[in-house]
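Structure first, commentary second.
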Amino acid sequence: MTDLDRRERHAVGDLLGRTVAASQVTVDLAELDERMRLRAGVGIVEAAETVVGRALVDRRARAARLAERRAEPAEAARCWVEDHRDVDWPWLEKWLVAMRSDGVLGREPHPAALVTAALEVLDHRRAFLPQGEAGSSGAREVAAPVARSALAAAVCHDAHALDDDRRLASAVLRAVASATGSVPPTDARDRRELWDRLGVVTDLVSSTCLVWGLAVEVGGKRGGPRPLDTAKPTHVTWWDVKSGMRVSPAGRVLVCENPSVLEAIATAELDVAVICTSGRPNLVTAQVLAHVAESTAPMIYHGDFDWPGLAMATDALRRYGAQPWLMGAEDYQGVPGSLSLKGSPVESPWDPELAAAMRRRDVAVHEEAVLDRILAELRTGWRTAYGKA
């Protein structure tokens with residue numbers, strides 16, 4: 001304290017129990033607090049709050065508490081990873097940063113517990129998540145889909161823990177979005193697609209697989225198995241899969257990426273069985289493809305000439321034995337296109353020159369651009385070889 005007059009020096013000295021002769025004095029706050037409690041029964045903070053008429057805020061302590069709280073989720077994740085050395089999720093930090101930025105962790109009273117619970121759910125479905133080089137995911141082919149309520153009951157001991165209105169569900173889906181390079185979900189469809197990517201079935205009727213001319217029998221409570229109508233495009237649901245679905249293709253099966261291709265084939269009433277993946281195959285489509293793969297019918301695949309299209313064609317080849325058809329370098333070159341390729345380049349193991357040609361040309365060619373040729377080949381009996389023209 002500085003510039004003390006005589007009266008103020010006496011008051012300070014009386015409070016501290018010693019003589020204050022100079023106009024400036026240094027006061028130890030701990031000592032002052034102790035003297036005030038002995039003489040008045042209140043400390044510095046209580047006295048100051050009485051004078052100013054409001055509670056005082058310890059900004060330094062509050063900042064320390066906030067910093068500690070902000071660090072809790074990351075520390076919880078670090079401890080969890082330490083206990084799961086076979087997990088290598090490079091996207092983990094991205095997920096935590098996104099949840100902090102979006103306020104998910106700030107609104108949660110127990111953010112560390114939320115992160116740990118989400119990691120446990122994700123670990124249960126790790127076969128569906130991308131791993132780094134040090135990770136071990138197991139064989140995705142043998143990872144069975146699971147109902148969301150069953151997953152919640154198994155991991156959280158609460159069948160509703162992953163319902164749409166629970167913060168845990170939001171945390172898990174944001175992790176899937178970070179892992180797959182997707183955006184956080186904004187509606188029911190987004191949420192369903194992200195659950196699907198985790199191998200989780202949210203209900204029995206929302207996700208479907210579009211087929212045409214494919215002999216499919218589904219079970220029913222009345223009258224036993226019944227065939228689905230092959231005379232029109234049909235949506236197979238998870239309900240059908242669960243009912244004991246049987247797929248019995250009579251010949252080759254074409255797997256296409258875009259619904260417009262199936263629609264054109266159905267409109268032309270061509271005698272061919274078609275399965276449309278509608279982009280990345282969902283769980284229902286994966287089950288239909290698996291059933292065809294188990295049959296003796298050959299499967300061929302056609303999709304977009306872009307990096308996701310090549311990735312899906314490779315996946316269809318490796319998982320289901322679906323041979324790429326009209327998807328060689330010669331089929332790509334010369335086809336008009338105006339859009340640049342997006343995303344990370346991938347290889348085309350059935351024809352390495354295709355990926356090389358796409359890198360050189362840097363043009364995406366969507367399936368609809370070659371629809372006339374697809375229809376022409378189907379009309380002439382599929383005389384073109386699987387891989388190249």
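The values are calculated or read from the model by the stated rules, or taken from the named source; none is laboratory data. The model shown is predicted, which means the values in this text are computed figures rather than measured ones. Every residue, glycine as well, gets a Cβ built from its backbone with ideal geometry; the counts of neighbours run over all protein chains shown.
Quick notes on this structure:
- Test: residue in segment 341-353 that is over 28 Å from the mean Cα position of the chain (by Cα), in a helix (DSSP H, G or I), surrounded by fewer than 18 Cβ atoms within 10 Å (Cβ to Cβ) and not aromatic (F, W, Y): yes
- Qualifying residue in segment 169-176 (condition: under 26 Å from E75 (Cβ atoms), in contact with a helix residue (DSSP H, G or I) (Cβ under 9 Å, 6 or more places away or on another chain) and free of Cβ contacts under 8 Å to residues at least 40 places away in the same chain): yes
- Extreme residue, farthest from D88 (Cα to Cα), among residues of segment 114-145 that are at pLDDT 95 or above and among the hydrophobic types (A, V, I, L, M, F, W, C): L114
- Test: residue in segment 68-80 that is within 21 Å of G181 (Cβ to Cβ), at pLDDT below 95 and out of contact with any Asp or Glu (no Cβ under 6 Å at 6 or more places or on another chain): yes
- Selection count where residues are part of a loop (DSSP other than H, G, I, E, B) and either acidic (D, E) or touching a Lys or Arg at 6+ places or on another chain (Cβ under 9 Å) (or both), scope segment 89-106: 2
- Residue count for segment 1-22, restricted to those that are at pLDDT 85 or above and of a type in the set (S, T, N, Q): 1
- Check on M312, part of a loop (DSSP other than H, G, I, E, B), of a type in the set (A, V, I, L, M, F, W, C) and surrounded by 19 or more Cβ atoms within 10 Å (Cβ to Cβ): no
- With respect to the stated conditions, V20 is touching a His at 6+ places or on another chain (Cβ under 8 Å) and either surrounded by 10 or more Cβ atoms within 10 Å (Cβ to Cβ) or small (G, A, S) (or both).
- Scanning segment 359-369 for residues that are under 11 Å from G334 (Cα atoms) and part of a helix (DSSP H, G or I) gives a single hit, R361.
- Sole residue being buried (at least 19 other Cβ atoms within 10 Å of the Cβ) and out of contact with any helix residue (DSSP H, G or I) (no Cβ under 7 Å at 6 or more places or on another chain), chosen from A273, A297, A356: A273
- P109, sole failed condition from (1) part of a helix (DSSP H, G or I); (2) closer than 18 Å to A74 by Cβ; (3) not aliphatic (A, V, I, L, M): (1)
- Considering (1) within 30 Å of V121 (Cβ to Cβ); (2) surrounded by 12 or more Cβ atoms within 10 Å (Cβ to Cβ); (3) among the charged types (D, E, K, R), the lone condition that R37 does not fulfil carries the number (1).
- Among the residues making up segment 178-205, those that are assigned to a loop (DSSP other than H, G, I, E, B) and either in contact with a Gly (Cβ under 7 Å, 6 or more places away or on another chain) or crowded, with 16+ Cβ neighbours inside 10 Å (or both) are P184, P185, L198, G199, T202.
- If you go through segment 244-264 and pick out every residue that is modelled with pLDDT under 95, under 33 Å from the mean Cα position of the chain (by Cα) and closer than 20 Å to P281 by Cβ, you end up with 3.
- You will find that of V42, V20, the residue that is touching a Lys or Arg at 6+ places or on another chain (Cβ under 8 Å) and assigned to a loop (DSSP other than H, G, I, E, B) is V20 and no other.
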